[in-house]
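Here the structure comes first, spelled out in structure tokens, and everything after it is commentary.
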Amino acid sequence: MEERQWIRAVHKGEKRYLADIAEKYYDDIFRFCVFFTGDREDAYDLTQETFLRFIRYVEGYHERNLKGYLLTIAANVCRSAMGKRGRENRRLVSLDTFQEEEGELGRSGEDNMDSDGSNRGSRHLPEQHVLERDVHERLMGALAKLPEMQREAILLYYLQDMKYREIGHMTGVSVSTAKSRVRQGMEKLQENLKREDFFD
């Protein structure tokens, strides 16, 4: 069943299809919330709040891009939560989190298997794992220092593979502004990484 059919069915009172929508987009929304806030534990709650808000207002949903609509809700939920706790309390999370969470969220374990049936993760040397973790944490730290609008644009463009037009529609800005936010955000991200000798 396609998304539009799901929505039409929900509008007719068949609420069971809300579970299908949540299952399809949960991983995307969760990853976005983790990257946006830098906090895995908060991301669980914010993802739940995103879907609760969608369910609460689904009767008024008439958009064409369901994923974009959910990401818009998620961005608003994340901004609200971050405003309450303040930037100084933001905790950073490494990208290793997402590899761990994919298994918990129902991702196929086959994604981590080599052709010989061995698990790729188990083949990393301890030193290599420590190095990768450090790289991930420094990237997350540099990303967290960006202004929220630029961080959001970068996440939507690179993490969610959205087009500038879609980002502009989602965030209420022009295509050129969306492009500018991604470009300027990437420039600042590189500057932050250079300050920490990331490229040495």
Elements of type helices (runs of 4 or more DSSP H) in segment 81-200, at least 3 residues being at pLDDT 65 or above and open to solvent by 50 Å² or more (accessible area, probe 1.4 Å): 126-144, 164-171, 175-195
Can you tell me which residue in segment 15-35 is nearest to the chain's Cα centre (by Cα), limited to those that are under 19 Å from M162 (Cβ atoms) and open to solvent by 40 Å² or more (accessible area, probe 1.4 Å)? Y26
For segment 36-76, how many residues are closer than 25 Å to R165 by Cβ, open to solvent by 30 Å² or more (accessible area, probe 1.4 Å) and part of a helix (DSSP H, G or I)? 7
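The values are calculated or read from the model by the stated rules, or taken from the named source; none is laboratory data. Values in this document were obtained by computation on a predicted structure and should not be read as measured data. Cβ coordinates were reconstructed from backbone atoms using ideal geometry, including for glycine residues, and neighbour counts include every protein chain displayed. To get the accessible areas, we keep the full protein, side chains included, count just its heavy atoms, and leave off ligands, DNA and RNA. Shrake-Rupley method; radii C 1.70, N 1.55, O 1.52, S 1.80 Å.
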